[in-house]
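As structure tokens, the structure follows; a few thoughts come after it.
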Amino acid sequence: MASTDIVVVGSCMIDFVSYTSRLPKVGETIHGSKFVTNFGGKGANQCVAAAKLGGKTTLVARVGDDIWGEKYIENLKRENVNTEFIKKTDNSTSGIAQIIVSEAGENQIVIVAGANAKLNANDVISAKSAIERASVVILQLETSVEVAIKTLELSKGISILNGAPALSTYDLKLLTLPTIFCVNETEAAIFTGLSSVNNVSEAETAARHLIGKGCNSVLITLGPQGAIYLNKDDHKLLHVSSPKVQSVDTTGAGDAFIGALAFVLANQKGVTMEMAMKIACHVAADSVTRAGTQISFPNAKILPNIK
Ligand code: ADP
């Protein structure tokens, strides 16, 4: 079995995106102008983001027994992700998102979790040795809470839980088990019940709230405003800004950030959190200058340019 630095347990989704002049009304059929398919799902995105930077990565996931499942595994192999713990699931479709984007930038999205909903604690136990050996383990909430908690219990290195999609009621273990609890502004508001988290000061309030609930450390990404970090030991707020860029498509920015953060924490022993976040902000900001999700993530050539 290949040794592995970063293990991601999470989702694989295929995005079917149609571009139209406007959104269709109920029962209406309209013509679109363009159609693209993208490999997505937060788990796979974060794994590919780390792999593109040169990370040794393993993804624990499920795809369907359809053509998309095969295509997804091929895509991951092309990105040098270890796919030995990706199960093709009998009588299941792969996870898909049907997305319509209008010229005004509005969208309609239907998500069918398919095989992702069948990822379970036994799948995590099958990957136990890889999870235990990983320096960094990453999870999200597009797969079940049971899967997240089992993985966190097995992890011996740094664990990052990306609380996305957010939950307003949840098992407190989701906060207390991970080394880093990482969310964006919207998710921070949902997890804390605060009415708004839109700037550094409101994010600090949210982070202190989450530390109060038992988090070891909290990282909140703030779009163009970068990210903040707070840990329970020194309670000192760290704010890292993001480089100013011409934004083209911010889809997957948070996934690029988390993949890059994990890559740095796994590969630069003793790196400061400030430096790891600075690199993650650069990688994520670079990804928003290009369209698409996984295809917009930069490769290792970006790293020496980050000072
Ligand atoms: P999510 O994609 O989960 O909503 P954010 O929007 O907070 O996450 O973005 C994650 C990271 O991506 C930010 O911390 C920042 O580094 C970078 N980023 C996102 N949008 C921009 C932008 N417009 N300009 C520069 N950096 C950005």
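Quick note: the coordinates plus some simple rules give every number you see, no bench work behind them. Source: prediction; values computed, not measured. Don't worry about glycine lacking a Cβ; one is built from the backbone with ideal geometry, like all the others, and counts go over all protein chains shown.
Set Lys and Arg Cβ to +1 and Asp and Glu Cβ to -1, take the dipole of the stretch 157-307 about its Cα centre, and tell me which of L303, G214, V240 lies farthest positive.
Result: L303.
Ordered by residue, what ³J(HN,Hα) values in Hz, to whole numbers, does the stretch 71-86 give under the Karplus form 6.51 cos²θ - 1.76 cosθ + 1.60, where θ = phi - 60° and Gly and Pro are x?
With the stated coefficients, the stretch 71-86 comes to 4, 5, 5, 4, 4, 5, 5, 4, 8, 6, 8, 6, 10, 5, 9, 9 Hz.
Most fluctuating residue of A164, A188, A104 in a GNM of the chain with Cα springs under 10 Å: which is it?
The residue with the greatest mean-square fluctuation here is A104.
Can you tell me the FRET efficiency between T37 and K232 if r is taken as the Cβ-Cβ distance and R0 is 41 Å, rounded to the nearest 0.05?
Efficiency computed from Cβ-Cβ geometry: 0.45.
In percent, how large is the relative contact order of the chain, given Cα pairs closer than 8 Å and 6 or more residues apart?
So the answer I get is 17 percent.
Rank-order 122-128, 41-47 by packing density, defined as the average count of other C-beta atoms within 10 Å over each peptide's residues, highest first.
So the peptides 122-128, 41-47, ranked by packing, come out 41-47, 122-128.
Sorted from fewest to most neighbouring beta carbons within 10 Å, what does the list M275, M13 look like?
So the ranking, lowest neighbour count to highest, is M275, M13.
Among A130, N75, G223, which residue has its Cα furthest toward the positive end of the charge dipole of the chain, with +1 on Lys/Arg Cβ and -1 on Asp/Glu Cβ?
Going by the Cα projections, it comes out as A130.
Based on DSSP H runs of at least 4 residues, each adding -39500 (n - 2.57), what is the mean residue ellipticity at 222 nm of the chain after dividing by all its residues, to the nearest 500 deg cm²/dmol? Can you show the working numbers first?
Details: 10 runs with 100 residues, N = 307.
About -9500 deg cm²/dmol.
Note the count of lysine pairs whose C-alpha atoms are less than 20 angstrom apart in the stretch 20-119, limited to pairs 8 or more residues apart or on different chains.
Close lysine pairs under the 20 Å cut-off: 19.
Normalise the Debye intensity by I(0) for the chain, one equal point scatterer per Cα, no solvent, then take log10 at q = 0.08, 0.09, 0.10, 0.16 Å⁻¹ and round to two decimals.
So the normalised log intensities are -0.33, -0.42, -0.52, -1.37.
In Å and whole numbers, how far do the C-alpha atoms of the stretch 10-63 stretch along each principal axis, longest first?
46, 21, 12
Find which of I111, G54, S33 sits farthest along the positive direction of the dipole of the stretch 1-158, computed with +1 on the beta-carbon of Lys and Arg, -1 on that of Asp and Glu, about the Cα centre.
Value: G54.
Size of the dipole of the chain about the Cα centre, Lys and Arg at +1 and Asp and Glu at -1 on the beta carbon, nothing else charged, in debye to 20? Let's see the in-between values first.
Values: 28 positive and 28 negative charges, 126 e Å.
So the magnitude is around 600 debye.
Assuming a ≥ b ≥ c are the square roots of the Cα gyration tensor eigenvalues, decide whether the stretch 67-205 counts as rounded (a/c under 1.5), prolate (otherwise, with a/b larger than b/c) or oblate. Display every interim value, and only then the final one.
Details: a/c = 1.95, a/b = 1.14, b/c = 1.71.
Oblate, since a/c reaches 1.5 and b/c is not below a/b.
Which order do K52, K236 fall in if you start with the one that has the fewest other Cβ atoms within 10 Å?
By the 10 Å Cβ count, ascending, the order reads K236, K52.
Given bins 5 angstrom wide, list per bin the percent of all Cα-Cα distances in the stretch 157-196, short to long.
6, 25, 32, 24, 9, 2, 1
For the peptides 167-180, 199-212, what is the packing order when you average, over each peptide's residues, the other Cβ atoms within 10 Å and list the highest mean first?
199-212, 167-180
Treating the beta-carbon of each Lys and Arg as +1 and of each Asp and Glu as -1, no other charges, what is the dipole magnitude of the stretch 1-62 about its Cα centre, to the nearest 20 debye? It would help to have the intermediate numbers written out before the result.
Values: 7 positive and 3 negative charges, 18 e Å.
Charge dipole, the stretch 1-62, about its Cα centre: 80 debye, nearest 20.
Could you please rank D234, D5, placing first whichever residue has the fewest other Cβ atoms within 10 Å of its Cβ? Mind dumping the intermediate values first?
Details: D234 8, D5 19.
By the 10 Å Cβ count, ascending: D234, D5.
Within the P(r) computed for the stretch 23-116, what percentage of the Cα pairs occupies the region above 24 Å?
That tail contains 34 percent of the Cα-Cα pairs.
At what distance in angstrom do the alpha carbon centres of the stretch 3-75 and the stretch 164-204 lie from each other?
When both Cα centres are located, 25 Å separates them.
In the stretch 44-165, what percentage of the DSSP-assigned beta bridges are antiparallel, given to the nearest 5?
Here the antiparallel bridges make up roughly 40 percent for the stretch 44-165.
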